[in-house]
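The values are calculated or read from the model by the stated rules, or taken from the named source; none is laboratory data. Everything numeric here is computed off the predicted structure, so don't read it as measured data. Quick reminder, even Gly has a Cβ in these numbers, built from the backbone with ideal geometry, and neighbours come from all protein chains shown. Remember, those area values only see protein heavy atoms, side chains included, never the ligands or the DNA or RNA. Shrake-Rupley method; radii C 1.70, N 1.55, O 1.52, S 1.80 Å.
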Amino acid sequence: MGRAVIRSVDPARDADAVQDLCLRAADYITLETGAPPPPDYASKLLAEAPPALPPEDVLAFCAEQEGKLAAVVTCLRNFYQTREWYMGLLLVDPAARGAGLGARMAGHVFDLARAQGASCIRVAVLDANPRGRRFWQREGFVPERAVPADPDGDGHARHVLKLNWEEAPCD
């Protein structure tokens with residue numbers, strides 16, 4: 001595959017392409033939700049945000065490779081606190097996995113967050129996804145806390161990992 005170009009996602013323009021990627025990467029979505037992505041999965045993914053967070057702090061980026069999306073990452077700026085970021089989902093096409101695209105996507109978000117003065121970034125990883133946890137730890141994240149499974153939610157325990165960029169870490 002050729003070199004991927006990373007750009008911002010336009011939810012209105014890119015929803016169909018993100019949905020196509022979600023179908024190709026349905027293994028992860030099925031792991032998390034217990035079912036393949038429904039037809040509106042991408043639209044909901046690109047609109048998902050805490051109610052108090054302004055729309056300009058809800059970000060998504062994609063990597064285009066050979067005319068189609070090969071990866072997408074969603075993130076929240078100023079969440080939980082001002083200057084803290086949160087990565088919601090990093091999804092890579094199975095055909096592009098293992099070639100460094102996930103690390104490039106994460107690095108793109110890290111660079112943007114640091115350029116905007118972020119003190120840290122967090123990610124929550126499913127307990128059922130040890131490969132994902134190893135990926136984030138290779139990227140420099142350290143465990144912050146474990147979140148038990150919520151029987152009223154998706155039933156997954158999670159590990160919240162954090163990457164600090166300042167000597168005085170975020171709370």
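One table, with the values for the structure above:
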| quantity | calculated |
| --- | --- |
| Potential extension, Arg138-Asp27 segment - 0.36 nm per residue separation minus Cα distance | 37.8 nm |
| The stretch 106-139-the stretch 1-44 distance, computed between alpha-carbon centres (Å) | 19 |
| Within the chain, longest stretch free of exposed GluC sites (Glu not before Pro) [DSSP loop, at most 13 other beta carbons within 10 Å] | 67-165 |
| Dipole moment magnitude, nearest 20 debye, the stretch 82-171 about Cα centre, only Lys, Arg, Asp, Glu C-beta charged | 380 |
| Solvent-accessible heavy-atom area per residue, rounded to whole Å², over the chain at 1.4 Å | 52 |
| For semi-axes √(5λ) of the Cα gyration tensor in Å, calculated from these coordinates, the label among (i) 27, 19, 16; (ii) 23, 19, 17; (iii) 37, 20, 13 | (ii) |
| Under DSSP loop assignment and at most 16 Cβ neighbours within 10 Å, longest trypsin sites (Lys or Arg not before Pro)-free interval of the chain | 4-82 |
| Cα gyration tensor shape of the stretch 91-135, rounded if a/c is under 1.5, else prolate or oblate by comparing a/b with b/c | oblate |
| ³J(HN,Hα), Karplus 6.51/-1.76/1.60, whole Hz, each residue of the stretch 99-108, x for Gly, Pro | 10, x, 5, x, 5, 5, 5, 4, x, 4 |
| For the chain, calculated [θ]222 nm from helices alone, where every DSSP H run of n ≥ 4 adds -39500 (n - 2.57) | -9500 deg cm²/dmol |
